[in-house]
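> Below is the structure I would like to discuss, written out as structure tokens.
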Amino acid sequence: MPKRITQNEALTNFQTYIEKDIKDVLNIQDESAFIKFVKATASLTGEVLNLTTIAEICGKDVKTVKSWLSVLESSGLIYLLEPYHNNFNKRLIKSPKLYFLDTGLACWLLGWNTPEQLVNGAMWGHIFESFVFAEVLKSYYNDGIVKPPLYYYRDKDKNEIDLVIENDGMLHPLEIKTTSDPTKAMVKAFELLKHIPGKQIGSGAVVCLAKERLPLTSDVWILPAGRI
């Protein structure tokens, strides 16, 4: 689960990040706008990147937002997850998905100071998804893989798969849900991967709040988030 940090720890971490990691790279004249920008990225974690929305929130142009995003990405605070398209379907979304990787800091920036506030808040699903994605990502980084074969799937008919892991030409789909009792309807979109030329669909999973690893279908597992 997202790590709990104290108000003082979060403030110190954030100030250190801006002073040491950012000001040495960017010539930020408007620090308040940059803080709005970072809060905007935290509030949009788990969503398809929309540069115009972020620009409107922080009062800067899209060019500036792109520059600031590149620094957040290079410093490891955010990750832009590319969509899986492989040029086989023109109806697929081609914009990346934004993940704010430090979910403890994200919660602090957004004013959620207790687990109860978070779980009952409107963004609980996105924060949980971001936490799970960050843990999967770290498993690759720990193995020295800096460009992991991770993607998401979404088409213009709003069919979506939260995470697609490619391994030796085989695609493994994952859904990330806050439920403890996932249903087969949640993995209906997995079937769409079977139509991708030259690829095979492997076993999939629903990463969720269940307590035990159990089969959901013949090739999809219920996977407790704590076992990632």
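Each reported figure results from applying straightforward, stated rules to the coordinates on display, with no laboratory input. All figures in this text were calculated on a predicted structure; none of them were measured in a lab. Neighbour counts run over all protein chains shown; Cβ positions are idealised from the backbone, glycine included.
> Over the Cα atoms of region 159-228, what radius of gyration and what Dmax do you get, in Å?
11.7, 36
> For region 147-222 and region 42-87, what is the centre-to-centre distance using only Cα atoms, to the nearest Å?
Region 147-222 and region 42-87 have Cα centres spaced 24 Å from each other.
> A further question follows. Taking K and R as +1 and D and E as -1, what net charge do the other residues with C-beta under 13 Å from the C-beta of Lys66 add up to?
Local charge sum for Lys66: 0.
> List, in the order given, every pair from Lys36/Lys194; Lys60/Lys199; Lys63/Lys184; Lys60/Lys147; Lys156/Lys199; Lys36/Lys184 whose Cα-Cα distance in the structure shown is over 32 Å.
Long pairs (Cα-Cα over 32 Å): Lys36/Lys194; Lys60/Lys199; Lys63/Lys184; Lys36/Lys184.
> Continuing with the same structure: Packing-wise, with mean Cβ within 10 Å as the measure, how do 112-122, 184-194, 64-74 rank, highest first?
So the peptides 112-122, 184-194, 64-74, ranked by packing, come out 64-74, 184-194, 112-122.
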